[in-house]
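Encoded as structure tokens, here's the structure I'll be asking about.
Values quoted throughout were computed directly from the atomic coordinates according to the rules given, and no laboratory measurement underlies them. What you are looking at is a predicted structure, and each value in this text was computed from that prediction instead of being measured. Ideal geometry is used to build each Cβ from the backbone, glycine not excepted, and the neighbour counts take in all protein chains shown.
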Amino acid sequence: MRTVYRMLLCCLWRCVPLYWSSYSFPPLSLIALLLDMQYACPHLKVLRLSGCKGITDEFLDSIPVFLRHLHTLDLSMCSITSRGCRALSHSPSLRNVNISACLGTNGEAIQDLVTGNFSVTDIGENDGQEGIQLQLMKGRHSKSKLTSIVAQFATGIKATSLKTIITHAPNLKMLDIRHYQGGNLMDSDTAKTYLRELKCKEVDVEYSTVHTSDEI
């Protein structure tokens, strides 16, 4: 029966993008789902999981391993954090990501998405100083291949977040941070400069606070 199921998946998933919305995945189902995806659609390019329950950082750890040809990923309204974004930064073919209204969508998550940097919470008791320095060097020199990032309703977006995007995402063509929360970027002259620099690089930047729209 499982062989027939996989054959059907193989016929269907090779032809159309996969899309679930507001579905609840039990943890074990996610493991089986990834294994089936790897077998039935090894060249899957589009996966949309908007609003699905059960999508966690641990699930995202497996995306670069099982779905190496994934091009577009929609995780809006899922329970992921910056840790999951760091995992996605290692997906070799990923170009378009939507992390809008996620539990942990913030400036740090966006930075981690383009750099793969680890944070102090990732440092274990057995990690030596050399290992920590190596991770920092990798993040400092990494370049993202992402062409679009949608991160609406994010919190804590600062000038440093924009600077990281400019430095590490040279291929970016679209950045959507509308309805961001926790301060106004237009209160910072440095942030204004970075936003102008992004536009000079022909990046389509859409941004506004929760209450007002801003213009450069």
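Using the basic label-point model (7 angstrom from Cα toward the beta carbon), what is the E58 to V46 distance in nanometres?
3.1
What ratio of Cα Rg to 2.2 N^0.38 Å holds for the range 163-207?
Here the Cα radius of gyration is 1.11 times the empirical estimate.
Once you treat every alpha carbon in the range 44-105 as an equal point and sum by Debye, what is log10 I(q)/I(0) at q = 0.16, 0.26 Å⁻¹?
Values, matching the q order: -0.41, -1.14.
Fully extended, how many nm does the chain gain between V65 and L33 (0.36 nm per residue separation, minus their Cα-Cα distance)?
10.2 nm
Taking a virtual spin label 7 Å from the Cα of E197 along the C-beta vector, which residues in the range 141-171 bring their backbone nitrogen under 20 Å of it?
Label zone hits: 141-149, 156-171.
Too long at a 28 Å Cα-Cα cut-off: which of K45/K158; K53/K143; K145/K199; K53/K192; K53/K173; K158/K201?
K45/K158; K53/K143; K53/K192; K53/K173
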